[in-house]
Amino acid sequence: MWKWSFTMVVRIKKIHPALKHAGYAATALLPGEDPAAFEKLHQDLIAELRPDGPLENDTVATIAHLTWRKQNLGTFRIAEYARNHCSAIQSQLRPESTLYLLPLGGIDPDEDATACRAAEHLARRELGDAYQLVEIGNTATLDGLMKELATEERLDIMIDRCLKRLLFLRGLKSLSSSASSPPLPRIPGPQKAA
């Protein structure tokens, strides 16, 4: 029989604060990316596309996020390197059996927690700011990006359906209001000679 190691339970509960509040999304800014450059891109798109109203503003914001992600795909390569480097450090400083499941009567939890802290400290020191990409987990992976894009696409399809329905209903209302309104007065034209 297997049980979770103490360290794994602690790690599961220790979630990056930004993830708790949906602060990071794969299509938005990730740690290490320049917020001022993103804001400039967004403002340039607003100037070019001139959105009017909340739906158009949302569409331009989506275009800005997708354009930003396309221009900054390298962040995912950096994140992959950081995750691999962090895993290598953990495998050096922590026994293999403590990384996943621990058999009953296994390694001392205090010893494992100390090794975990040492691995984290070394990874933070060696990776610097890139360690934040490790902390946010699957968000900074191409898999995470694809899942997020698929979800956004489904939401966009649903919004488009609602917009089509709204336009259809408005069209019906305009037809019924024009049918119920009195006919326009006829303006006499020139008389034909007999």
Mind checking which aspartates and glutamates have their Cα closer than 16 Å to the Cα of LYS147? Skip sequence neighbours fewer than 8 apart in that chain.
ASP156
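Tell me, THR62, THR141 in order of fewest to most beta-carbon neighbours within 10 Å? Walk me through the numbers on the way to the answer.
On the way: THR62 13, THR141 17.
Starting with the residue having the fewest Cβ neighbours, the order is THR62, THR141.
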Roughly how compact is region 32-83, stated as its Cα Rg over 2.2 N^0.38 Å to two decimals?
1.33
Listing ASP52, ASP44, ASP112 by rising number of other beta-carbon atoms within 10 angstrom, fewest first, gives ASP52, ASP44, ASP112
Could you calculate the contour length gain from ALA118 to ASP160, that is, 0.36 nm times the residue separation minus the distance between their Cα atoms, to one decimal place in nm?
10.0 nm
Quick one: putting +1 on the C-beta of Lys and Arg, -1 on the C-beta of Asp and Glu, what dipole do you get for region 105-148 around its Cα centre, in Debye to the nearest 20?
180
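Here, each number is a calculation from the coordinates, and none is a lab measurement. Nothing here was measured: the structure is a model prediction, and the numbers come from that model. So basically every Cβ, Gly included, is an ideal-geometry build from the backbone, and we count neighbours across all protein chains shown.
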